[in-house]
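In what follows, a structure is listed as structure tokens, so that the remarks can point back to it.
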Amino acid sequence: MGYHVGSLINHGIGARRTDFLEMALHHSVSVFLYGGSYLYNAWEIAGVIALIHDIADITTSMIKVIAETDYKYTTVGIFLFHMGLWGYTRNYGLYHAICKIWEAQPDFGTAFNLQMYVFLLSCLLLLHYWWYYLFIKHLWKFIKKGSTENTMDKVQTDVKKV
């Protein structure tokens, strides 16, 4: 939880990137999910959700490092592996975890709390679908133009910082 709180604070005071809103939503939802897991002693659920997310983080970091080199085809190979891993863990795995949580109806105090927990998990799932779409778009751009530029790390210059 500390990682997501720190990331949310850093995200708010750091440079505004093109994925500012998506990442702000991701970090906010993660803080609420971890907080809810703590409050309702649902550590098993939080552990599964964290594991589902952490697996694909390994290849995400690998791509960020290798993309800065001249090894375009190595990057594409790892990117394709990453897309498969992301699709299986974050899209397929998280979807099934949400279904299992909904079926099991764990004790979250009230039905509203459980519904809110599942809603927040569904928000994460939609973000993962959106990012997977961007991966496909990015791969298509590479196939067409041979470019491997990461557009998500670009700083927005037209947004004024409040």
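Values in this text are rule-based calculations from the coordinates and carry no lab data. These figures come from a predicted structure and were not determined experimentally. Cβ sites come from the backbone with ideal geometry, for glycine too, and all protein chains shown count toward neighbours.
The packing ranking of peptides 41-48, 85-92, highest mean first, is 85-92, 41-48, where packing means the average number of other beta carbon atoms within 10 angstrom of each residue. Here are some values of Rg/Rh (Cα atoms, Kirkwood Rh): (1) 1.01; (2) 1.23; (3) 0.94. Which one was computed from this structure? Structure-derived value, by its label: (1). Peptide packing: for 72-83, 24-35, the average count of neighbouring Cβ atoms within 10 Å per residue gives the ranking 24-35, 72-83, highest mean first. Mind checking the angle between helix 2-13 and the chain's longest principal axis? C-alpha axes, 0 to 90 degrees, to the nearest 10. Relative to the chain, helix 2-13 is tipped by roughly 60 degrees.
The distance separating the Cα centre of the range 109-139 from that of the range 31-103 comes to 12 Å. Number of Lys-Lys pairs in the range 43-149 with C-alpha atoms under 25 Å apart and a separation of 8 or more places or on different chains: 10.
Projecting the Cα atoms of Thr60, Tyr73, Asn91 onto the charge dipole of the range 43-149 (Cβ charges, centred on the Cα centre) puts Tyr73 farthest toward the positive pole. Each of Val65, Val118 was scored by other Cβ atoms within 10 Å of its Cβ. Arranged with the fewest first, they read Val65, Val118.
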